Amino acid sequence: MKKTVFLLALCSVIASMTTSVMAAGEAAARATASEATIKPVIDGQIDAVWNDVEKMYGGIYGDTVDGAENLMIVSSYGSLMWDDEGLYLLGVMYDQTIPESDEGGRNSIDFWVSETYTLDTAYSAPGDWHICKASTGEEVYYTGNEAVYDKNVGQKAVAVYDEYFVVELFIPWQTEGFNPEVGTEIGYTISFNDDTDVDGEREICSLWAVNSADSIAFYAETLALPRVKFVEGPAVEAEPEATPDAPAEDVPVEAPVEDAPVETAPVTADAGIVAAAAVMAAAAGIVLSKKH
Ligand SMILES: [Ca+2]
Ligand SMILES: [Ca+2]
Ligand SMILES: [Ca+2]
């Protein structure tokens, strides 16, 4: 039997919650995912349609100076879209130190999903899965349904820009007979890893949210994943009707226009996320696993 050992320093989440954090098991969704009425292209470029979808910003929980009481929202964020076929995932991470190669995925985005909101102490259902995608394209399997890492499953893309990178994924539903609709809720969180000095060891782990003080091990338990609710997507404009063929000589010839550069302006964090997030310390932990 193949035995693989992963050394994955994880956000070790400690202690106290803000007063606004919900009790365990409370049903209210913490964010929304829009229906992919317009499908994003999985290419590492942020499609216009992503701008209409809720952003889930990472927070840095504690730091080496002030400890666990210091919560800082960062610009890195994730968004989700859904349709009958699967889940579309976007991660945008601001990182000033992107390496040439990154076998351990120390500069990466982690997506944590429970399609059927299993509230389990493991990632054991087919719809419980995780993908770690590094800025350099490497993927690091850690837990959950490993089928999502198969090259023939879904679509995955990453692109590096000036001081940030973008991960885009499409993962078909892994739960047999899954029939999502407006109002469906899944379990989900996103975390961001940064090796700030490019020495192969991670300094910062930033996390969107966990469910409650009673369920904080988002990397091990679907119990920790907050609910994200499926909502309607943007209205799709009707295609203009085709006009009859015009004589060829009447068609003006235009020079091709180059693609506009991708915007590099940093995103402003939503202060509302602060109130919703747990206060945690980003101490590094070490986890050894995994027998296949
Ligand atoms: Ca795209
Ligand atoms: Ca980095
Ligand atoms: Ca480092």
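Here are the numbers for the structure shown:
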| read-out | value |
| --- | --- |
| Any chance residue 108 is in contact with a Cys (Cβ under 8 Å, 6 or more places away or on another chain), polar (S, T, N, Q), under 22 Å from residue 76 (Cβ atoms) and more than 16 Å from ligand 1 (Cβ to nearest atom) | yes |
| Test result for residue 219, assigned to a loop (DSSP other than H, G, I, E, B), touching a helix residue (DSSP H, G or I) at 6+ places or on another chain (Cβ under 9 Å) and crowded, with 17+ Cβ neighbours inside 10 Å | no |
| Out of 234, 240, sole residue that is within 16 Å of ligand 1 (Cβ to nearest atom) and at pLDDT below 95 | 234 |
| Residue count, the range 131-163 (criterion: closer than 23 Å to residue 101 by Cβ, among the small types (Gly, Ala, Ser) and in a strand (DSSP E or B)) | 3 |
| The listed residue being aliphatic (A, V, I, L, M), more than 24 Å from residue 230 (Cβ to Cβ), more than 16 Å from ligand 1 (Cβ to nearest atom) and crowded, with 19+ Cβ neighbours inside 10 Å, out of 158, 140 | 140 |
| Residue ID - nearest to the chain's Cα centre (by Cα), chosen from residues in the range 195-211 that are within 16 Å of ligand 3 (Cβ to nearest atom) and assigned to a strand (DSSP E or B) | 206 |
| Selected residue (criterion: farthest from ligand 2 (Cβ to nearest atom)) from residues of the range 58-85 that are modelled with pLDDT under 95 and within 13 Å of the chain's Cα centre (by Cα) | 58 |
| Matching residues, the range 83-100, being touching a Gly at 6+ places or on another chain (Cβ under 9 Å) and either more than 16 Å from ligand 1 (Cβ to nearest atom) or of a type in the set (Val, Ile, Thr) (or both) | 92, 99 |
| Residue among 192, 178, 230 that alone is in contact (Cβ under 8 Å) with a residue 12 or more places away in the chain, closer than 17 Å to residue 80 by Cβ and within 16 Å of ligand 3 (Cβ to nearest atom) | 192 |
| Flag if residue 185 is away from ligand 3 (no atom under 16 Å from the Cβ), acidic (Asp, Glu), at pLDDT 90 or above and buried (at least 18 other Cβ atoms within 10 Å of the Cβ) | yes |
| Residue satisfying all of: in the range 86-132; among the hydroxyl-bearing types (Ser, Thr, Tyr), under 21 Å from residue 157 (Cβ atoms) and crowded, with 24+ Cβ neighbours inside 10 Å; farthest from ligand 2 (Cβ to nearest atom) among these | 88 |
| Answer residue from the range 188-200, given it is in contact with a Gly (Cβ under 9 Å, 6 or more places away or on another chain) and of a type outside the set (S, T, N, Q) and is farthest from ligand 2 (Cβ to nearest atom) among those | 188 |
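The values are calculated or read from the model by the stated rules, or taken from the named source; none is laboratory data. For clarity, every value in this text was computed on a predicted model and none was experimentally measured. Positions of Cβ are generated from backbone atoms using ideal geometry, with glycine treated the same way; all protein chains shown enter the neighbour counts.
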